[in-house]
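**Student:** Quick one: the structure is below, and I'll ask about it shortly.
No lab work stands behind these numbers, since they all come straight from the coordinates. Remember, it's a predicted structure, so these values are computed and weren't measured experimentally. Neighbour counts run over all protein chains shown; Cβ positions are idealised from the backbone, glycine included.
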Amino acid sequence: MTVSVWQADGKQPVREVDVLIVGAGIVGTAAAVFVRRHGRVPVITEMRDVAQGASGRNAGFMITGLDAYAISERTHHIWHELIAAHGVRFERIGSMLLAESETEA
Ligand SMILES: Cc1cc2nc3c(=O)[nH]c(=O)nc-3n(C[C@H](O)[C@H](O)[C@H](O)COP(=O)(O)OP(=O)(O)OC[C@H]3O[C@@H](n4cnc5c(N)ncnc54)[C@H](O)[C@@H]3O)c2cc1C
């Protein structure tokens with residue numbers, strides 16, 4: 001692998017971290033929470049800012065997946081715990097899933 005001249009001189013600051021997480025979207029920040037809960041020290045590197053990717057642009061629905069119901073139910077428990085712990089605004093408004101055919105129903 002070739003490196004630029006400034007990389008080749010070996011004088012760049014090096015910071016050692018316990019656990020490095022790339023990206024401060026919902027996945028990276030959630031990973032940081034769990035890493036912390038396990039007594040490790042996470043550091044997140046983010047090229048823009050917190051939730052500037054998909055996590056800050058989505059529709060905000062907390063719906064359960066059909067293919068992985070058990071895991072999404074578990075995820076909902078975690079979200080509710082975090083919502084309560086951090087005073088996040090949340091409204092339970094329900095959702096309706098319609099089947100277009102007998103097979104889908
Ligand atoms: C229009 C839309 C609507 C959606 N609606 C819903 C919904 O209603 N309900 C739902 O549950 N899901 C919804 N989703 C999906 C949901 O938003 C995503 O699955 C989720 O936000 C993905 O999270 P993430 O942390 O993986 O990615 P992101 O939130 O995109 O985070 C990735 C982060 O990594 C950073 N990054 C990338 N590369 C680097 C790098 N090399 N160095 C440093 N940082 C880097 C980015 O800047 C970004 O901040 C929707 C998605 C979209 C696009």
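**Student:** Restricting everything to alpha-carbon atoms, can you work out Rg to Rh for the chain with a Kirkwood hydrodynamic radius?
**Tutor:** Rounded to two decimals, Rg/Rh equals 1.14.
**Student:** Above 16 Å lies some portion of the pair distances; for region 17-58, what is it as a whole percent of all C-alpha pairs?
**Tutor:** I get 32 percent for the Cα pairs in region 17-58 exceeding 16 Å.
**Student:** Let me ask you something else. Run the simple label-point estimate for residue 1 and residue 48 please: 7 Å along Cα→C-beta, distance reported in nm.
**Tutor:** Taking the two extended label points, one gets 2.6 nm.
**Student:** Residue by residue through region 21-36, which ³J(HN,Hα) values in whole Hz follow from phi under the Karplus form 6.51 cos²θ - 1.76 cosθ + 1.60 (θ = phi - 60°), with glycine and proline marked x?
**Tutor:** 10, 9, x, 9, x, 5, 5, x, 5, 5, 4, 5, 4, 6, 4, 5
**Student:** Next question. Please give the contour-minus-distance gain from residue 34 to residue 19: 0.36 nm per residue of separation, less the Cα-Cα distance, rounded to one decimal in nm.
**Tutor:** 4.3 nm
**Student:** Over the Cα atoms of region 61-105, Rg to Rh with Kirkwood Rh, two decimal places?
**Tutor:** Answer for region 61-105: 1.09.
**Student:** Rounded to the nearest 500 deg cm²/dmol, what is the calculated helix-only ellipticity per residue at 222 nm for the chain, with -39500 (n - 2.57) per DSSP H run of length n ≥ 4?
**Tutor:** -10000 deg cm²/dmol
**Student:** Same structure, new question: Using a 7 Å offset from the Cα along the Cα-to-Cβ direction at both residue 104 and residue 62, what is the distance between the two label points in nm, to one decimal?
**Tutor:** So the two model labels end up 2.6 nm from each other.
**Student:** With each label point set 7 Å from Cα along the Cα-Cβ vector, what nm distance links residue 89 and residue 74?
**Tutor:** In this crude spin-label approximation the distance works out to 3.2 nm.
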